[in-house]
Number of protein chains: 2
Amino acid sequence: MTDIAMIEAAAARLAGHARRTPILTSPFLDEIAGRRLLVKPECLQHTGSFKFRGGWSAISALPPDVRAKGVIAYSSGNHAQGVALAAKLHGVAAVIIMPSDAPKMKIDNTRALGAEVVLYDRAKEDRDAIGQALAAERGLTLVKPFDDPQVIAGQGTTGLEIAEQATEMGVTRADVLVPCGGGGLTAGIALALEARAPGLRVRPSEPEGFDDTARSLASGRIEINARLSGSLCDAIVTPHPGEITFPINKRLCGPGLVVTEDEALHAMALAFSRLKIVVEPGGAVALAAALFHPDQIEGEAVIAVTSGGNVDAEVFRMALEKFP
Amino acid sequence: MTDIAMIEAAAARLAGHARRTPILTSPFLDEIAGRRLLVKPECLQHTGSFKFRGGWSAISALPPDVRAKGVIAYSSGNHAQGVALAAKLHGVAAVIIMPSDAPKMKIDNTRALGAEVVLYDRAKEDRDAIGQALAAERGLTLVKPFDDPQVIAGQGTTGLEIAEQATEMGVTRADVLVPCGGGGLTAGIALALEARAPGLRVRPSEPEGFDDTARSLASGRIEINARLSGSLCDAIVTPHPGEITFPINKRLCGPGLVVTEDEALHAMALAFSRLKIVVEPGGAVALAAALFHPDQIEGEAVIAVTSGGNVDAEVFRMALEKFP
């Protein structure tokens, strides 16, 4: 199980490879949020999301002879790119299983990062069967997107940085808002803060209609989403909280926060004008919660993670037009 | 005169106040540039440009009794915001003289940062006369945009960071491309690198039609621009190189690089998709030179500073539409 020692060990393996993202602030955003707002921009991480941390952590933790055979992952998004680049930099093969109807640009990007992309037909083929056959045949190791202790440890390195950076800035008591899909980033940060900055409390943040974690935290057991598509926040939509991540988040997190899609788009536009960063809709939900739901947050400061920036130009332009 | 000791002293005064911006990279941009490309994103600095460094340096260097009376600056852009925030954080008054036809948003932003904005009519009034009268009346100190040793020292702290960060990344010989208007950032970085990373050579970068520094470096004396408006790169358009900055840049810089407006817009679109940062047209000229003029650059690596990100949403959307 992931613990602070495992997160510290992941941080040692990531040193010099993952980017230490800065903390960004703006007096204009402080005013909207009604308190001091610290933003941790993981959209500036390699491949444009925090997923590189977990990918690197998992791959670097493998025994050398196992790692040498390569890794495999299922993803059409940020996890694919994070694993692909981490594998490439380790000099090992990565096979990424993607649906054949995934956006061409995401397929191209994943290939350009050195991965072998295997496409499957969502309607007719079984993704897991294809993946298991390939893994068995070639001896590939599966890197899961969140329910894996070393992946959680890698994402937790974000929490170590937040603990140090917030303390340097004099913030020792605050809610830390984290975009939450399967809960790997949320759990990793929560474990890191428990040990290194116990006055900082994680609050998972989700889009309306896909608030499985908020509802699960409220009921105390794993709740599922009624649907899995139709959200601009696709990067953080999962069927339900993870089997490994949820018990951690249940123990450590405060109540979940839920924002509308328009609030996420508005947060993207404000991140553009005030922080000069590019955030994708799913990556903007925590910032949106900090800005537009201040009454649900406690304390004189708030920290928001912007978890990714892989957004199509068309969606980004739409956000800027809608919230000028 | 600005020297390395003055830059180091400025860095000590800026510590904990200016942001230490990271170095960003992308394998996709390396491929376009044909070599390893390191980007120093000063668009992520407070107020969205490197100008905060110079403003803070100048204000913090004033004797306390002089500083207490406040400062004054002429600017409709990045310098205004940098000086306004630096003054506010020092708890002193800032008066910013702006043309009455400056974009309303820039006036509003400067006011929101706590400055008193004094508007003048470009056609009928003399900016300098208004400023001098106010300065005399209230004992305000003028903070010049580039031709001031302490401002150059503040901008030079960017160079100290580049020297450290590039060395950590194993880059000790490279051209360092810097967007150049009056030449304060260029001169500051050049002085810092001369002392701390002499294998790194500064190359001023400018937009076509406003390449006064490139022409001045070529002829060896100060050349002027034929016109001063009509460029999207307005943030870095000045009449001619500075009296103080030019001799420094003449001694230390390699030949200037010149890019088209379309190349700057294209670089903005690539910074959006590959680095997840927002860069303004003038701030993108060095990145554009790295990406689109590789034949004019020497070495296996290149470093490009993106100096600012204060761009209207409309212009940004246009760049994304033009270079999808």
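Where a number appears in this text, it was derived from the coordinates with a stated rule and is not lab data. Since this is a predicted model, take the numbers as computed values, not measurements. Glycine gets a Cβ as well: all are built from the backbone with ideal geometry, and neighbour counts include every protein chain shown.
How crowded by other chains is A:266-277, given as the mean number of beta carbons from other chains within 10 Å of each beta carbon?
On the way: counts 0, 0, 0, 1, 0, 2, 6, 10, 5, 6, 19, 8.
Mean number of neighbouring Cβ atoms from other chains: 5.
Assuming a viscosity of 1.002 mPa s and a temperature of 20 °C, what translational diffusion coefficient in µm² per second does Stokes-Einstein assign to the range A:52-142, Rh being the Kirkwood radius over Cα pairs? List each step's numbers first, then the result.
Numbers: Rh = 12.9 Å.
Answer, rounded: 166 µm²/s.
Express the C-alpha Rg of the range A:1-117 as a ratio against the empirical globular expectation 2.2 N^0.38 Å, rounded to two decimals. Don't skip to the answer; put the middle values down first.
Working: Rg = 16.7 Å, N = 117, 2.2 N^0.38 = 13.4 Å.
In units of the globular-protein estimate, the range A:1-117 measures up at 1.24.
Distances in nm, one decimal, shortest first, from A:ASP65 to the same residue in every other copy, taking the label point 7 angstrom along Cα→Cβ.
The projected label point of A:ASP65 is separated from its counterparts by 7.9 nm.
Treating the point 7 Å from Cα along Cα-beta-carbon as the label, what are the nm separations from B:PRO294 to the other copies, to one decimal?
Spelled out, the distances from B:PRO294's label point are 4.9 nm.
What is the projected area of the convex hull of the Cα atoms of the protein assembly as shown, averaged over all directions, in nm²?
Details: hull surface 110.5 nm².
Averaged projected hull area, Cα only: 27.6 nm².
Using Cα pairs closer than 8 Å and at least 6 residues apart in sequence, work out the relative contact order for the range A:49-204, in percent.
Working: 282 pairs, mean separation 35.8, N = 156.
For the range A:49-204, the relative contact order is 23 percent.
I need the inter-copy label distances for B:ASP126: point set 7 Å along Cα to C-beta, values in nm with one decimal, smallest first.
Here B:ASP126 shows inter-copy label distances of 8.7 nm.
State the three equivalent ellipsoid semi-axes of chain A, derived from the C-alpha gyration tensor as the square roots of 5 times its eigenvalues, in descending order and whole Å. Kindly include the intermediate steps, with their values, before the conclusion.
On the way: eigenvalues 177, 96, 68 Å².
That gives 30, 22, 18 Å for the three semi-axes.
In straight Cα distance, which lysines are under 21 Å from A:LYS51, not counting same-chain residues fewer than 8 positions off?
Candidates past the 8-residue exclusion: A:LYS40, A:LYS88, A:LYS104, A:LYS106, A:LYS144, B:LYS276.
Between B:ASP101 and B:SER219, what is the FRET efficiency for a Förster distance of 25 Å, r being their Cβ-Cβ separation, to the nearest 0.05? Please report the intermediate quantities before stating the final value.
Numbers: r = 34 Å, r/R0 = 1.36.
Efficiency computed from Cβ-Cβ geometry: 0.15.
Consider the operator that turns chain A into chain B: which A residue has a Cβ nearest its axis, and what is that gap in Å?
A:ARG317, 2
In chain B, what percentage of the DSSP-assigned beta bridges are antiparallel, given to the nearest 5?
On the way: 2 of 31 bridges.
Beta bridges within chain B, antiparallel portion: roughly 5 percent.
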